[in-house]
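Written below as structure tokens is the structure these notes are about.
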Amino acid sequence: MEVYYEHEGYVLFHEKLYKLSGEELELDEHGHPHNAVAVTDMSITKNVFGLLLIIGLMLWLFLKIAKAYTTNKMAAPKGAQSFFEPLIIFLRDEVAKPSIGHHYERFMPFLLTLFFFILLNNLLGLIPFLGGINVTGNIAVTLVLALITFVVTTINANKNYWMHIVAPPGVPLWLLPIMIPIEILGVFSKPFVLMLRLFANVTAGHIIILAFVGLIFIFNDKYGAAGGYGVAVVSTAFAIFMNCLELLVAFLQAYVFTLLAALYFGGATEEAHH
């Protein structure tokens, strides 16, 4: 028996949306809808809503901060400026400069955008009443972030970077057939590591919190209300602890992703040593 969901003349069948032309969905001999026409589903998902929300928040926030700097150049920072300025200076002095070198300025806009985009999305995933929007826990999002970092690295790579891949210095000729494939594999493994690191660390924390909450319902079904209430105290305490730990992870993973991106940029733009 095929399972489908019908509402006001539309039906969701096998994750596809159809418009019915009859009372009920009818299938042909191949199992395809017979009296329904496929329609384009343009509705947004929770992740898309989360992305749009964070993009709007970042535009509003940083345009406001930029305007404050231009209008009050000599005044001490206040409000949002006083919170974000130490983070921006930290990323510039402790991440970009040491990792990239004197070329760091052209990468700063991307690194700042990357850091705050990941950070705000991580924090968004910790707010329960927003419906569990977990953008950075979606591997498609982390894949796109890693691919953009890979493209920026590849575009800005200099001759020295490519020579280290196709002809590593100091390597004997007989070892080149082994080293060159390894170097090429390393080029593509870097974005893969970026993608998995962020996805796995963010998702792991959410899974642990869901596991603690799920224990309440499991014990309630198995041992009744007394078992559910009894384990709820311990589960809630551990869930709160994990949520506080996830707050640290939100900052840490944004920092690690940005730092690794800066290291890749530094390696791609490093000049040859003579």
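Restricting to the range 41-58, and then to whatever is within 17 Å of the chain's Cα centre (by Cα) and of a type in the set (Gly, Ala, Ser), can you tell me which residue is surrounded by the most Cβ atoms within 10 Å (Cβ to Cβ)? Show your work before the answer.
Of the range 41-58, the ones within 17 Å of the chain's Cα centre (by Cα) are 45-58.
Checking which are of a type in the set (Gly, Ala, Ser) leaves us with 50, 56.
Working: Gly50: 24, Gly56: 10.
Filtering the range 41-58 for residues that are within 17 Å of the chain's Cα centre (by Cα) and of a type in the set (Gly, Ala, Ser), the one surrounded by the most Cβ atoms within 10 Å (Cβ to Cβ) comes out as Gly50.
Any residue in the range 260-272 that is surrounded by fewer than 12 Cβ atoms within 10 Å (Cβ to Cβ) and out of contact with any helix residue (DSSP H, G or I) (no Cβ under 9 Å at 6 or more places or on another chain)?
no
Restricted to the range 149-199, and to residues that are among the polar types (S, T, N, Q) and part of a helix (DSSP H, G or I), which residue is modelled with the lowest pLDDT?
Of the residues in the range 149-199, the ones among the polar types (S, T, N, Q) are 149, 153-154, 156, 158, 160, 189.
So of that shortlist, the ones also part of a helix (DSSP H, G or I) come out as 149, 153-154, 156, 160, 189.
Values: Thr149: 95, Thr153: 92, Thr154: 91, Asn156: 89, Asn160: 81, Ser189: 89.
So the residue we want is Asn160.
The conditions are (1) at pLDDT below 85; (2) open to solvent by less than 60 Å² (accessible area, probe 1.4 Å); (3) within 21 Å of Leu123 (Cα to Cα), and Pro33 fails exactly one of them. Which is it?
Exception for Pro33: condition (3).
Which pairs turn up if I take residues in the range 210-228 that are more than 17 Å from Ala239 (Cα to Cα) and look for partners that are modelled with pLDDT under 85 and surrounded by 12 or more Cβ atoms within 10 Å (Cβ to Cβ) with beta carbon separation below 6 Å, at least 6 apart in sequence or on another chain?
As it stands, the answer is Asn220/Gly228, since those pairs meet every condition given.
If I ask for residues that are modelled with pLDDT of 90 or more, among the hydrophobic types (A, V, I, L, M, F, W, C) and more than 15 Å from the chain's Cα centre (by Cα), which ones from the range 260-274 would you list?
Ala262, Leu263, Phe265
In the range 90-107, how many residues are open to solvent by 40 Å² or more (accessible area, probe 1.4 Å) and at pLDDT below 90? Break it down into steps so the answer makes sense when it comes.
As a first pass, look at the range 90-107 and keep what is open to solvent by 40 Å² or more (accessible area, probe 1.4 Å): 90, 92-94, 97-98, 102-103, 105-106.
Still in the list and also at pLDDT below 90: 102-103.
Matching residues across the range 90-107 total 2.
Of everything in the range 68-89 that's charged (D, E, K, R) and more than 28 Å from the chain's Cα centre (by Cα), which residue is modelled with the lowest pLDDT? Steps first, answer last, please.
Step one: of the range 68-89, the residues charged (D, E, K, R) are 73, 78, 85.
With more than 28 Å from the chain's Cα centre (by Cα) added as a condition, the list becomes 73, 78.
On the way: Lys73: 72, Lys78: 77.
In this case the residue turns out to be Lys73.
Those residues that are free of Cβ contacts under 8 Å to residues at least 12 places away in the same chain and within 22 Å of the chain's Cα centre (by Cα), I need them from the range 90-118; list them, please.
Within the range 90-118, Phe90, Pro109 qualify.
Among the candidates Leu215, Leu210, which residue alone is open to solvent by less than 80 Å² (accessible area, probe 1.4 Å), of a type outside the set (Gly, Ala, Ser) and part of a helix (DSSP H, G or I)? Before the answer, list the steps.
Numbers: Leu210 fails: open to solvent by less than 80 Å² (accessible area, probe 1.4 Å).
Within the list Leu215, Leu210, the selection yields Leu215.
Kindly list, by first and then second residue, each pair from a residue in the range 59-71 that is closer than 16 Å to Pro109 by Cα to a residue that is surrounded by 10 or more Cβ atoms within 10 Å (Cβ to Cβ) and of a type in the set (Gly, Ala, Ser), limited to pairs with Cβ atoms under 6 Å and residues at least 6 apart or on different chains.
That search, which allows pairs on different chains as well, returns Ile65/Ala80.
Can you tell me which residue within the range 144-179, out of those that are open to solvent by 80 Å² or more (accessible area, probe 1.4 Å) and aromatic (Phe, Trp, Tyr), is nearest to Tyr264 (Cα to Cα)?
Among them, the one singled out is Trp162.
Working only within the range 219-259, note down all residues that are β-branched (Val, Ile, Thr) and open to solvent by less than 80 Å² (accessible area, probe 1.4 Å). Quick ask: steps written out before the conclusion?
Taking the range 219-259 and keeping what is β-branched (Val, Ile, Thr), we get 231, 233-234, 236, 240, 249, 256, 258.
The answer is Val231, Val234, Thr236, Val249, Val256, Thr258.
The values are calculated or read from the model by the stated rules, or taken from the named source; none is laboratory data. What you see is a predicted model, and the numbers here were worked out from it, not measured in a lab. Here Cβ is always computed from backbone atoms with ideal geometry, including for glycine, and neighbour counts include all displayed protein chains. Protein only, heavy atoms only, side chains kept; ligands, DNA and RNA dropped before computing areas. Shrake-Rupley method; radii C 1.70, N 1.55, O 1.52, S 1.80 Å.
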